[in-house]
1. Can you tell me which of 224, 254 is buried (at least 18 other Cβ atoms within 10 Å of the Cβ) and either out of contact with any helix residue (DSSP H, G or I) (no Cβ under 7 Å at 6 or more places or on another chain) or outside any loop (DSSP other than H, G, I, E, B) (or both)?
2. Identify the single condition in (1) under 22 Å from residue 256 (Cα atoms); (2) touching a residue at least 12 places away in the same chain (Cβ under 8 Å) that residue 48 does not satisfy, given that it satisfies every other one.
3. Tell me the residue from 117, 124, 138 that is more than 20 Å from residue 44 (Cβ to Cβ) and at pLDDT 95 or above, please.
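The values are calculated or read from the model by the stated rules, or taken from the named source; none is laboratory data. Since the model is a prediction, treat every value here as computed from it, not as a measurement. Note: ideal-geometry Cβ built from the backbone for every residue, glycine included; neighbour counts use all protein chains shown.
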C-alpha cells in the first residue's frame with residue numbers, strides 16, 4: 001500500500017510540473033540588410049523574470065522540425081531558446097544536394113557565417129525574458145560549425161556547444177579571440193570529421209589557452225543525435241541513442257556550470 005501511495009504521489013507531482021509549464025512558441029523575423037531571416041523562439045510563460053538564453057543553430061537543411069523540437073526541450077528546462085536562421089526566410093533545402101550547396105556558401109565565407117549568427121545573438125539579447133549576461137549557443141552538424149565560429153569571433157557568450165559539427169576554420173589564430181567556454185560533442189567514428197581535424201582543433205584550443213572540452217562517443221558517427229539519420233553507420237551519418245542521451249546530459253551539466 002505504501003508503494004502504491006508513493007507511486008501516486010510521484011505521478012501527481014510529475015503531472016503538476018508538466019501542467020505548470022506553458023511553452024510559448026512563435027516565429028520571429030529579423031534582418032541582414034534587405035535579407036529577411038526567420039527565427040523561432042520558445043520559452044515557458046509560467047516562469048517569472050529573466051532566464052538564460054540559448055541560441056540553437058540548425059543542421060545543413062535549415063530550421064526544421066528537429067530544430068524546433070530541441071528549442072522546445074530547452075524551453076521546458078527553463079531556458080529561453082532562439083533558433084537562429086542562418087540561410088534566410090524560406091530557404092529550407094529539401095535534398096542533400098541542395099543542403100550541401102547552401103551550407104557551402106557559409107563554410108566558404110566564415111565572415112558571413114559569423115555575421116548571421118551574431119545577428120541572432122543581437123536578437124536574443126533584445127528579448128525581455130532573457131538575462132543578457134547569460135547566453136550560450138548550441139548547434140548541430142552545420143550548426144556546430146557555426147557556434148564554434150561565433151566563439152572564434154570573440155562574441156561575449158558564456159559558452160558554445162557543438163553536436164557532431166565540423167571543427168575546421170580558415171584562421172586558427174582566431175581562437176585567441178575566444179571568451180566563451182567550449183564543449184564539443186563528437187562521434188568518435190565520424191567520417192566527416194577525420195582524426196586530423198580533431199587533432200588540429202585540439203592544438204588550436206591549447207595554443208589559445210581556451211577553456212575547452214571534447215567528448216568522443218564510441219561507435220557514433222555523424223548526426224548521432226538525430227533519429228531521422230537512420231541507424232546504418234556505414235552511411236557515415238546515423239542515430240545513436242546512447243550518444244544522444246549522453247551528449248544531452250553533457251550539455252546540461254555544462255549549462256549548470258556556465259550559468260551558475
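1. Only one candidate qualifies: 254.
2. Only one criterion in (1) under 22 Å from residue 256 (Cα atoms); (2) touching a residue at least 12 places away in the same chain (Cβ under 8 Å) is unmet by residue 48, namely (2).
3. 117
So that you can scan it fast, the table gives a plain yes or no per residue for (1) surrounded by fewer than 15 Cβ atoms within 10 Å (Cβ to Cβ); (2) in contact with a helix residue (DSSP H, G or I) (Cβ under 7 Å, 6 or more places away or on another chain); (3) in a loop (DSSP other than H, G, I, E, B):
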{"position": "162", "(1), (2), (3)": "no, yes, no"}
{"position": "173", "(1), (2), (3)": "yes, no, no"}
{"position": "198", "(1), (2), (3)": "no, no, no"}
{"position": "242", "(1), (2), (3)": "yes, no, no"}
{"position": "249", "(1), (2), (3)": "yes, no, no"}
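Residue by residue, here is whether (1) surrounded by fewer than 22 Cβ atoms within 10 Å (Cβ to Cβ); (2) over 16 Å from the mean Cα position of the chain (by Cα); (3) in contact (Cβ under 8 Å) with a residue 40 or more places away in the chain holds:
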site	(1), (2), (3)
75	no, no, yes
95	yes, yes, no
101	yes, yes, no
117	no, no, yes
134	yes, no, yes
142	no, no, yes
159	no, no, yes
165	no, no, no
168	yes, yes, no
